[in-house]
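For reference, the structure is listed below as structure tokens.
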Amino acid sequence: MKITQLDRRHTGYGRFSHSIEPVCNVRYGQDELLEDFLAWRAWCWQVWGPGMELRFAVENRTNPLPDVAWAWQTEFHNTKLYFRSLTEASAFVLQWNQN
């Protein structure tokens, strides 16, 4: 998995602090990456409740949106999870990090 601390260059900055995405390696192909992503997303939903697609979370910042702890991005062949703070990102990494 690849963990990124968001800054002004990243979509979601200001609402989310970190993103995590599965990374392809010799053992994993695209099907396995998608399976991992879907399992990650289901786990996040169970732990923090409903999330939303990233574009809806950042689309209209003046419109009050629910304060979600996490979101996901599947547009443009991305499979990323976004977390509101380091607390959520750390909990996710502790659960899913496989050395």
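The values are calculated or read from the model by the stated rules, or taken from the named source; none is laboratory data. It should be emphasised that the depicted structure is a prediction, and the values quoted were computed from it without experimental measurement. FYI the Cβ positions are ideal-geometry reconstructions off the backbone, even for glycines, and counts take in every protein chain you see.
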Restricted to the stretch 14-60 and to residues being modelled with pLDDT under 90 and aromatic (F, W, Y), the residue nearest to T79 (Cα to Cα) is F37
Worksheet item: Would you say R84 is basic (K, R), at pLDDT 90 or above and loosely packed, with under 10 Cβ neighbours inside 10 Å?
Response: no
